[in-house]
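The values are calculated or read from the model by the stated rules, or taken from the named source; none is laboratory data. This one's a predicted model, so the numbers in the text were calculated from it and none came from an experiment. Backbone-built Cβ (ideal geometry, glycine too); neighbour counts: all protein chains shown. Side chains are part of the model used for accessible areas, which takes the heavy atoms of the whole protein and leaves out ligands, DNA and RNA. Shrake-Rupley method; radii C 1.70, N 1.55, O 1.52, S 1.80 Å.
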Amino acid sequence: SHLGRLLAVTILLVGLGAIAYAATPAHRPGSGLAAKKDASKKDEPTISAPHAILIDAVYGAVLFERDADKMIFPASLAKLMTAEYVFHELKEGRLNLTDEFMVSENAWRKGGAPSHGSTMFASLNSKVKVDDLLHAVIIQSANDACIVLAEGMAGNEADFAAKLTQRARAIGLQKSVFANSSGLPDPGTKVTTRELSILARTIIRNYPERYKIYGEREFTWNKIRQQNRNPLLGTLEGADGLKTGFTKEAGYGLVGSATQHGLRLIAVVNGLKTAKERADEGKKLLEWGYRNFEPRTLFAQGQTIGAAKVYGGASGRVPLVAGGVVKVMLPKSGAERLIARIVYKGPVPAPIAAGQPIGTLKVWRSDHVILEMPLKAAESVGKGNLGQRAFDAVTEMMVALFRAGAERL
């Protein structure tokens, strides 16, 4: 019953040389541990977006953020969640690109030509293939296509939206909620800027073939040709996604991605006043990232990162490794002082199998978490002999008594 305390091994990374020191109760590094904040903001991008984030698409490292965890209205950026859910259902074989769904009167009136919003101009009572609906959602930001998909896959928008929220949790979006398929104004649809970047990263990494649709410049349906609404396409080197959004409540927003010199970045800006601001700010943020950052290796593949305490084992500690190379994005100006922590519930009871998930490596730059990566046991640890198990039991009992006494003080 004394097992399962949250512990951490703190690693100081100076000039990218890792030095491990004492295991401590886990907590977020404060100003005494994390690198001091820059004396000035001269290294930050000169953007005015009230909500923004820039991440590396491969490692998920955060290069810049501003008020990224506030719940905001996504407008059409919510269509990224609809697309991800459809991509997932296609991948799982529960849906086919050739499946056809009927354009109901509800979909036609709420999202079609009569709505005077973003639409693919699908004809009332016509049948449209999933493949065409996806292209309309992604390229034309078509509200009618979203509603047709929702009704075809779940019967109605409310049930489809519930599936979107459920799927959001499955891919790591802990706050975002969805009340419809399109992002049309609804108090029940809210997201965070950070989670929009996670969603974009999920789409890029999990569905590389489907993602290519985001880079297509136009789509024609019902003899009406419409251009891709992403302003980054053709104006920023390597830009190939993802989505724009606007409602009066949300302002103008953009989730954009580009690849330059083999490095993919994802930028999110929201709450802007004009479409031009949205385009300029998204482009500026991505350009700033490419100009100022580069990938640096913290730990090679298979390199021991630290160790976790073992309970009742033949060895008192088990070495921990990541699933591959551990890299972060750092300023080109030089090495930074970083703080890394291995956070795990421990002591970990033996026996332990090699490859068993143990904890998480978290890396901070200043006050920002720039990387989180799961860690696993590098080797197996069998059960200890009776003496070893007894010693560990007494140790844990003493720790528990000490903690109980400290809590009463």
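Things to note:
- Taking the convex hull of Cα positions in the chain, its mean projected area over all directions (nm²): 23.1 nm²
- On Cα atoms only, tilt of 79-91 relative to the major axis of the chain in degrees: 80 degrees
- Length-normalised contact order of the range 90-238 in % [C-alpha pairs under 8 Å, at least 6 apart]: 19 percent
- Look at the Cα gyration tensor of the range 222-320: its axes a ≥ b ≥ c give a/c of at least 1.5 with a/b over b/c, and that counts as prolate.
- In nm, spacing of pseudo-spin labels at THR46 and GLU372 (7 Å Cα→C-beta vector): 3.5 nm
- With a simple spin-label model that places each label point 7 Å from the Cα along the Cα-to-Cβ direction, the separation between ALA162 and LYS223 comes to 4.3 nm.
- The range 302-345 shape via C-alpha gyration tensor axes, a/c threshold 1.5: prolate
- For the pair the range 105-125 and the range 217-240, the centres of their Cα atoms are 21 angstrom apart.
- Centre separation in Å (Cα based) which lies between the range 280-303 and the range 140-183: 32 Å
- Once the C-beta distance of ASN385 and GLN356 is scaled by a Förster radius of 22 Å, the resulting FRET efficiency is 0.55 to the nearest 0.05.
- R0 of 25 Å, Cβ-Cβ distance GLN260-GLU209: FRET efficiency to nearest 0.05: 0.70
- Helix 386-408 vs. the chain, principal-axis angle (Cα, 0 to 90°, nearest 10): 70 degrees
- Dividing the convex hull volume of the alpha-carbon atoms in the range 158-291 by its residue count gives 129 Å³ per residue.
- A straight Cα-to-Cα reach below 18 Å connects LYS223 with the aspartates and glutamates ASP131, ASP132, ASP144, residues fewer than 8 places away in its own chain not being considered.
- With all protein chains in place and a 1.4 Å probe, the accessible surface of the chain carries 53 percent carbon and sulfur.
- Spherically averaged projected area of the range 50-183 from its Cα convex hull (nm²): 8.6 nm²
- With 20 Å as the limit on Cα-Cα distance, the pairs of LYS248/LYS276; LYS212/LYS273; LYS70/LYS362; LYS70/LYS284; LYS79/LYS190; LYS309/LYS362 that go past it are LYS212/LYS273; LYS70/LYS362; LYS70/LYS284.
- Residues in the range 198-239 that a label on ALA170 would reach, taking backbone N under 20 Å of a point 7 Å out along Cα→Cβ: 198-211
- Heavy atoms of the protein chains alone define the surface here; on that basis the chain has 45 Å² accessible area per residue at 1.4 Å probe size.
- Long-range amide H partners of GLY241 with built H, under 5 Å: SER257
- Net charge dipole size for the chain [Lys, Arg +1 and Asp, Glu -1 on Cβ; Debye, nearest 20]: 960 debye
- Hz values of 3J(HN,Hα) by residue in the range 254-263 - Karplus curve (6.51, -1.76, 1.60), Gly and Pro given as x: 8, 10, x, 9, 8, 10, 9, 6, x, 10
- Hydrodynamic estimate: the Kirkwood radius of the range 267-349 over Cα pairs, inserted into Stokes-Einstein at 10 °C and 1.306 mPa s, corresponds to D of 96 µm²/s.
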